[in-house]
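One structure is given here, and the rest of the page talks about it.
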Amino acid sequence: MLFSFGRSSWAAALLACLGLAAAPLDARAAGDSPPSAKDFARYEALSNVAISPDGGHIAGLISTDGEERLLGVWETAHPDRPPFIIASRHMRLMSVQFVKNDRMAVVVQQTFTIGSTKGHLEKLYITDLKGEKWNPAMPEGRAMTDSAALEQTLGVSSILSRLPGDPRHILVMDTSSDGAGDVYKVDIYSGGAE
């Protein structure tokens, strides 16, 4: 889903995060009420900023309302342009990092309910700069039972190395209880692993 923000919206978010926006230090002195618990739980206007290895792009999680996180991707050659925005309807964006100049690793979170148990599942995906193609960082095996499927989803893959000299591969560690500690060389374009 693509959103369009005006130049002033994303610039204000960037300035606020850099601490350059003027704000009273004491809310009571400004005549405002003290912050609520919800105010402390709001997402930052800009967080988790990453720069591509070639310096051509900057990515970061942005929030214009403190409730929803979006992934913004800026071109460093055109700082006057607003970022390209990537949103998610069903999963919460948790973090972003570049693995290659044109690919990002994004950790997402989704709630789950199994019987009376409720919780959050996180997963690491690899996507392009426009968020058009999303692949799990680890190839997904076929589970024979529901409990085996749950075991596969409980761990979040971890990137061990971007392999800077290899244009197609990264090293990923499986952290699920089924394959904990296994390391795979993953092709970030095809999704295959060895």
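The values are calculated or read from the model by the stated rules, or taken from the named source; none is laboratory data. Only a predicted model underlies this, so the values are computations on that prediction, with no experimental measurement involved. So basically every Cβ, Gly included, is an ideal-geometry build from the backbone, and we count neighbours across all protein chains shown. Heavy atoms of the whole protein, side chains included, go into the accessibility calculation; ligands, DNA and RNA do not. Shrake-Rupley method; radii C 1.70, N 1.55, O 1.52, S 1.80 Å.
Checking the condition at pLDDT below 90 and within 22 Å of Met173 (Cα to Cα), which residue from Gln97, Gln110 passes?
Numbers: Gln97 fails: at pLDDT below 90.
When all the criteria are applied, what remains is Gln110.
Please specify each residue of region 146-194 satisfying the condition of being open to solvent by 70 Å² or more (accessible area, probe 1.4 Å), part of a loop (DSSP other than H, G, I, E, B) and modelled with pLDDT under 80.
Hits for region 146-194 are Ser177, Asp178.
Mind listing just one residue for me: the one in region 45-55 that is small (Gly, Ala, Ser) and touching a strand residue (DSSP E or B) at 6+ places or on another chain (Cβ under 7 Å) and, of those, modelled with the lowest pLDDT?
Ala45
Please determine whether any residue of region 14-26 is open to solvent by less than 30 Å² (accessible area, probe 1.4 Å) and modelled with pLDDT under 90.
There is no residue in region 14-26 that is open to solvent by less than 30 Å² (accessible area, probe 1.4 Å) and modelled with pLDDT under 90.
Quick one: Ile86 ticks every box in (1) within 12 Å of the chain's Cα centre (by Cα); (2) open to solvent by less than 50 Å² (accessible area, probe 1.4 Å); (3) modelled with pLDDT of 95 or more; (4) over 17 Å from Ile170 (Cα atoms) except a single one, so which number is it?
(3)
Within region 88-139, can you find the residues that are within 28 Å of Gly55 (Cβ to Cβ), of a type in the set (D, E, K, R) and part of a strand (DSSP E or B)?
Lys100, Arg103, Asp128
What about His78, is it in a loop (DSSP other than H, G, I, E, B) and either among the polar types (S, T, N, Q) or within 17 Å of Trp134 (Cα to Cα) (or both)?
On the way: in a loop (DSSP other than H, G, I, E, B): yes; either among the polar types (S, T, N, Q) or within 17 Å of Trp134 (Cα to Cα) (or both): no.
So His78 does not fit the description; no.
Which one is most open to solvent (accessible area, probe 1.4 Å), of the residues in region 48-73 that are free of Cβ contacts under 8 Å to residues at least 40 places away in the same chain and in a strand (DSSP E or B)?
Val49
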